[in-house]
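This report refers to the structure that appears directly beneath it.
The values are calculated or read from the model by the stated rules, or taken from the named source; none is laboratory data. Owing to the predicted nature of the structure, the values given are computational and were not obtained by experimental measurement. Cβ sites come from the backbone with ideal geometry, for glycine too, and all protein chains shown count toward neighbours. Just the protein is used for accessible areas: all its heavy atoms, side chains included, with ligands, DNA and RNA removed. Shrake-Rupley method; radii C 1.70, N 1.55, O 1.52, S 1.80 Å.
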Amino acid sequence: MRSSDHDFETTATGEPHARRRKELLERHPGVRALFGYDRRTAWVTAGVVVAQLSLAWAFGWEARSTGARWWLVVAAYAVGAPLSHWLMMAIHETSHRLALRTARGNTALALFANLPLVLPFAVSFNSYHLDHHKYLNVLGEDTDLPLRFEVELVGKSTWRKLAWIFLHPFVYLIRGATFAKPPTVGELLNGVLILGVDLLLYRSLGGWSLAFLGLSFYFALGLHPVAAHFIHEHYRFAEGQETFSYYGPLNWITFNVGYHNEHHDFMNVPGWRLPKLRRLAPEYAALVSHRSWTGVLWRFITDRTMGYASRIVRSRAAFERGREGLTKPKPGPSWAFPIANANERAVLQ
């Protein structure tokens, strides 16, 4: 239900993933074999940290010695941003304890992945991100939902959407601040660690190396193809569907975060195994999905029917009723959302 272009679409139903998880486990009990963690995430993360710090040294030295500072910006966008985003997705994996066996090991890996990201990010993300899963699209509780002022300020204007995505790193911080809790000891230690690393990098590699890392982090959250997953995951690209997956090649450098329906259905399946989950459960083929993150950005920005209100939301009461309904039989599979017609599906792909 929607009353204006500045209103979200509201639903009285509970979130779809808990019910679909229950149904899929009944149909495909072999999915349980995919639960657990995958140490490959730790090894890949270590390699990406080393690569990013090496590039920071190389491009920082180039900027100092030749004065080709424009090249530093190009390199940060083309190479540094994908690597920074990859490290963010490593932190995402650790928030679900999917990289190593213990909670302490996952936290340590998250802090290590945070080292080239300039700002303390890991511990706060590991705390606040889980609320997004716990209260999907619940107004006032889902940390991923845009704020009311964003919806009203940006509207459906192409240029304002473009500007807002460019400013997304700042927007992300503002959204997080609205859910702020007193800082934990872990967050304080995360801040001290990253501040110390930044000072060490500045003294050892120089200011331009630190600038490369800062620009990489900024672009990785903003107007860049890898950052399109912030749009593709839950904005309404087809009627009646809340979550969308992306099955393009950039999954190779994001721990398959594009498999987002699969991830919300089974948060205890590591990213490495999500493609296998999709093969085991053919029901996912019935859902609208994306093939291009660049295409997602283009459509969201240029489509005058879409804006930051293009989200399905629910009240906490509707959410709780949906959870209670899991114990009661419900006719018909919940995964059978209304699907876009062939022409719209072609646009998404």
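Things to note:
- The residues on offer are TYR235, TYR202, TYR172, and the sole one that is within 15 Å of the chain's Cα centre (by Cα) and more than 19 Å from HIS92 (Cα to Cα) is TYR235.
- Qualifying residue in the range 54-67 (condition: outside any helix (DSSP H, G or I), more than 15 Å from PRO116 (Cα to Cα), out of contact with any Ser or Thr (no Cβ under 8 Å at 6 or more places or on another chain) and at pLDDT below 95): yes
- Test: residue in the range 279-302 that is open to solvent by 20 Å² or more (accessible area, probe 1.4 Å), modelled with pLDDT of 95 or more, touching a helix residue (DSSP H, G or I) at 6+ places or on another chain (Cβ under 7 Å) and of a type in the set (Ser, Thr, Tyr): yes
- Cβ-Cβ contacts under 6 Å between residues 6 or more apart (or on different chains), taken from a first residue in the range 60-80 that is within 18 Å of ALA220 (Cα to Cα) and among the hydroxyl-bearing types (Ser, Thr, Tyr) to a second residue that is part of a helix (DSSP H, G or I) and open to solvent by less than 60 Å² (accessible area, probe 1.4 Å), are listed as TYR77/PHE219.
- The selection criterion, being open to solvent by 10 Å² or more (accessible area, probe 1.4 Å), over 13 Å from the mean Cα position of the chain (by Cα) and at pLDDT 95 or above, does not hold for PHE121.
- The C-beta contact set for the range 155-181 (first residue within 22 Å of THR305 (Cβ to Cβ), second residue open to solvent by 70 Å² or more (accessible area, probe 1.4 Å) and of a type in the set (Val, Ile, Thr), distance under 8 angstrom, 6+ apart or interchain) comprises LYS156/THR305.
- The numbered conditions (1) touching an Asp or Glu at 6+ places or on another chain (Cβ under 8 Å); (2) open to solvent by 40 Å² or more (accessible area, probe 1.4 Å) are all true for LEU98 except (2).
- Among the conditions (1) closer than 19 Å to GLU187 by Cβ; (2) in contact with a strand residue (DSSP E or B) (Cβ under 7 Å, 6 or more places away or on another chain), VAL138 misses just one, which is (1).
- All told, ALA90 meets the bar of being within 25 Å of LEU200 (Cβ to Cβ), aliphatic (A, V, I, L, M), in contact with a helix residue (DSSP H, G or I) (Cβ under 6 Å, 6 or more places away or on another chain) and assigned to a helix (DSSP H, G or I).
- Matching residues, the range 5-53, being open to solvent by 40 Å² or more (accessible area, probe 1.4 Å), outside any helix (DSSP H, G or I) and of a type in the set (Val, Ile, Thr): THR10, THR13
- Total residues in the range 152-185 satisfying the condition of being outside any helix (DSSP H, G or I) and under 11 Å from GLY222 (Cβ atoms): the figure is 1.
- For the range 148-179, the set of residues classified as hydrophobic (A, V, I, L, M, F, W, C) and within 21 Å of ALA317 (Cβ to Cβ) consists of PHE179 only.
- Of all residues making up the range 191-215, the number that are closer than 24 Å to SER65 by Cβ, of a type outside the set (Ser, Thr, Tyr) and open to solvent by less than 10 Å² (accessible area, probe 1.4 Å): 2
- Enumeration of residues in the range 270-294 that are in contact with an Asp or Glu (Cβ under 7 Å, 6 or more places away or on another chain) and farther than 21 Å from VAL48 by Cβ: LEU277, ARG278, TYR284
- Any hit, the range 134-141, residues being within 14 Å of the chain's Cα centre (by Cα), crowded, with 16+ Cβ neighbours inside 10 Å and within 21 Å of LEU98 (Cα to Cα): yes
- Qualifying residue in the range 104-114 (condition: more than 17 Å from PHE230 (Cβ to Cβ), outside any helix (DSSP H, G or I) and open to solvent by 20 Å² or more (accessible area, probe 1.4 Å)): no
- Subset of the range 216-267 [among the hydroxyl-bearing types (Ser, Thr, Tyr) and either surrounded by fewer than 20 Cβ atoms within 10 Å (Cβ to Cβ) or in contact with a Phe, Trp or Tyr (Cβ under 7 Å, 6 or more places away or on another chain) (or both)]: TYR235, SER245, TYR246, TYR247, THR254
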